[in-house]
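One structure is given below, encoded as structure tokens.
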Amino acid sequence: MRVALVNMPWPTLSWPNLAISLLDTVLTGLGHQVTQLYENLTFAEHVLRATGGEVTPDDYLMIAENGHEHGAGEWVFTSSLYRPGWRLDEYTARLREDGFPLVDQVIRLHGLAPAYIAAAADRVLAGDPDLVGLTTTFAQTVPILALAAELKRRRPGLPIVAGGANCDDVMGVALHRNFPILDYVVQGEGERPLTELMAALAGERELSTVTGLCWRDERGTTVVNPLGPGMTAGDRLPVAHVRPYFDIVSEGLIRSWMDVPYMRLETSRGCWWGEKRQCTFCGLNAATIGYRTKPPERAWAEIERAVTEFGVLDIALTDNILDPAYFDTLLPRLAATDWDLRIFYEVKSNLRPDQMRILAAAGVTEVQPGIESLASGPLALMDKGATGAAQVRALRLFREHGIFPSWNYLFGFPGEDWARDYRPVVEQIAALVHLPPPRTVQRITLERFAPLFERPELGIDDPRAAAEWYAMIFDLPAAELTDLAYFFRYEPKGITDEQAAELSAAVENWQRAYEHSTLTYRTAGQDLQICDRRVGRFGGDFVLSGWEAVVYLSLERHLTVSGLAAALRAGDHPAETDRLLALLTRWQQLGLVYRDGDGWVALALPADPRITNGWRDRGDLVAG
């Protein structure tokens, strides 16, 4: 069979779509002829040309990255799925009320969508496919429905199958039930169901036996097959066929807008932390949270192929969390190469200094470590398994090792308290400006599958109803929207918007100061020389001598006063708790330590003597 696998807007433009790349490998292995269509790239180019460069790929990425929680990308394509101007005034008023910055661009893209969908259908049908596969995650549902509707208008008998994260559980059932233009919807991971579906379409098995498939019986009623036991083991995960993406992007107009294209790979699926204690706000993974990891030899081979076959040194891993075993296997092997890699991984924040060094040596330059907050109260409400002082230590270690942590400051958890959980952080942010700041400050969203959604006893017991924008986009009854939705409305919990604005203002100051701030120390015998060049402070140099230097270096780890005293006594140093508390309080006033409840941690980084700050870098001072 000829199969077209289509990646509709709004995934990022900078790397291959892993879903269609993996399924291409599976289908090709079964003897089918596969065509990958990167319609997200084509749409960005179409918009650039149609607007004369007034709406750019940068705008596309802004809508893709920041619009999915508002439904912006979905609404763009309602002009094709339903009609131009679909609920225009109501929806755009809501976008403006939410402070979304690209409302005018969204309206313009809405007007361009019908012509684009018609051209996209031309491209799909040009290959005369026997089956079309559409993937949907986050804001891709209306785009795939718009394309499916156009394909069915032209070729009513063309089978269309949808899959992806938006098809998990009841969402996929609702999608199939309400949109007959989709013949089949696959729930869960796609490799096994698609293999079985191809056999069913060839008459080799019954549709009723296809794992996790939504299909219609002779009466047109949706039938939902069970998911079945087990998930694909790590050593049996397919290798993504990414060549089509790199061929397309190398020839397209969009390439000039990229820094470099990334390779998108996976070395594991699921989340080993989530298996133990799922973060309460996280709705990722659904039924596939079970952790499976590729053997390090497989992971190495795929990364080696990225470098040697495609010449790609920038690699973004899809893993929800790094396999700790890779610190002894994959990462040292990468470190031993002469490749100038830039790797992105999601990690747990509680990494040791030696693990940080291994990451840096392997070429890991950016991580998503799940910092989320710098206060123990909200972190406990999230079930993160970390304290505020531990998260600050992690930020310090990432800065020390040249690894950038991408993180957001989350708030809005039931049970949090401004005076206890946020004011102490705000009051200390000026001392943190030399550490990597959060990208944003944001109230948590209520996501399907998250413990906060599944367990009302955690504090969000509102009746489950889809976020307001779903009703402005989909022409469906409220009950169907509730089944279709991933984001849900609820009465805001935790701190007020006014209090959150105070936190945001402090973080904005942090973001502005970060690139220009340092706080470092150097050892000189038994002394510790601390150099403070943080923006917003007068700056200064401090010398900690003897016992004080020992105390400060002991706070490389986050410790309570009693824990610090025990560590000092173990080294035969004085450890009177009153004296320690007085010293720590003085250091906190100077911004040399961070306090979170009864936990303390040092803020200064070891200095690299080869690097100085400010005017001392200027060559004209030593030019003779």
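Read-outs: derived from the displayed coordinates by stated rules, not from any lab. None of these values were measured; they are calculated from a predicted model. Cβ placement follows ideal geometry from the backbone for every residue including glycine, while neighbour counts extend to all protein chains displayed.
Across all directions, the average projected area of the convex hull around the alpha carbons of the stretch 339-405 is 4.0 nm². Expressed as a fraction of 2.2 N^0.38 Å, the C-alpha radius of gyration for the stretch 1-95 is 1.29.
Kindly express, to the nearest 10 degrees and within the range 0 to 90, the angle between helix 353-362's C-alpha long axis and the longest C-alpha principal axis of the chain. For 353-362 against the chain, the angle is about 50 degrees. If the chain linking Arg255 and Glu275 were pulled fully straight, counting 0.36 nm for each residue of separation and taking away their Cα-Cα distance, it would gain 3.2 nm.
The GluC sites (Glu not before Pro) of the stretch 488-531 that meet both conditions, a loop assignment by DSSP and at most 13 other Cβ atoms within 10 Å of the site Cβ, are Glu515.
What is the pair-distance distribution P(r) of the stretch 307-385, computed from all Cα-Cα distances in 5 Å bins starting at 0, with each bin given as a whole percent? Answer for the stretch 307-385: a P(r) of 3, 14, 23, 23, 15, 10, 6, 3, 2, 0 percent. Taking a quarter of the surface of the Cα convex hull of the chain gives a mean projected area of 31.6 nm². Thr585 sits among other residues whose Cβ lies under 15 Å from its own Cβ, and their net charge, with Lys and Arg +1 and Asp and Glu -1, is -3.
Treating r as the C-beta distance of His32 and Arg586 and R0 as 56 Å, the FRET efficiency rounds to 0.20.
Taking Lys and Arg as +1 and Asp and Glu as -1, the other residues whose beta-carbon sits under 11 Å from that of Gly412 total -1.
Potential lengthening of the chain between Ala202 and Asp235 amounts to 9.0 nm, from the contour at 0.36 nm per residue minus the alpha-carbon distance. Values of log10 I(q)/I(0) for the stretch 341-492 across q = 0.16, 0.19 Å⁻¹ run -0.93, -1.11, by the Debye formula with one identical scatterer at each alpha carbon and no solvent. Taking a label point 7 Å from the Cα of Ala118 along the Cα→Cβ vector, which residues of the stretch 57-83 have an amide N closer than 19 Å to it? Answer for the stretch 57-83: 76-83. Counting other C-beta atoms within 10 Å, and keeping those with at most 15, which DSSP coil GluC sites (Glu not before Pro) do you find in the stretch 125-225? For GluC sites (Glu not before Pro) across the stretch 125-225 that sit outside H, G, I, E and B with at most 15 neighbouring Cβ atoms in 10 Å, the list reads Glu204, Glu206, Glu218. Taken over the alpha carbons of the stretch 418-548 as equal point scatterers, the Debye sum produces base-10 log I(q)/I(0) values at 0.11, 0.12, 0.18, 0.21 Å⁻¹ of -0.63, -0.69, -1.01, -1.16. Only helices enter this figure: runs of n ≥ 4 DSSP H residues, each worth -39500 (n - 2.57), summed and divided by the residues of the chain, yield -11500 deg cm²/dmol at 222 nm to the nearest 500. In Å, the Kirkwood hydrodynamic radius of the stretch 151-284 over pairs of distinct alpha carbons? Mean inverse Cα-Cα distance, inverted, gives 17.7 Å. Of the peptides 75-84, 587-596, the order by per-residue mean of other Cβ atoms within 10 Å, starting with the highest, comes out as 75-84, 587-596.
In summary, the aspartates and glutamates within cross-link reach of Lys384, defined as a Cα separation below 16 angstrom excluding same-chain residues under 8 places away, comprise Glu275, Glu346, Glu372, Glu416, Asp421, Asp596.
Among residues other than Glu150 with Cβ under 13 Å from its Cβ, the summed charge is +3 (Lys and Arg +1, Asp and Glu -1). Helix 169-178 and the longest principal axis of the C-alpha atoms of the chain enclose an angle of approximately 30°.
Nearest 10 degrees is fine. How inclined is helix 57-66 to the longest principal axis of the chain, computing both from alpha carbons? Computed tilt is about 80 degrees.
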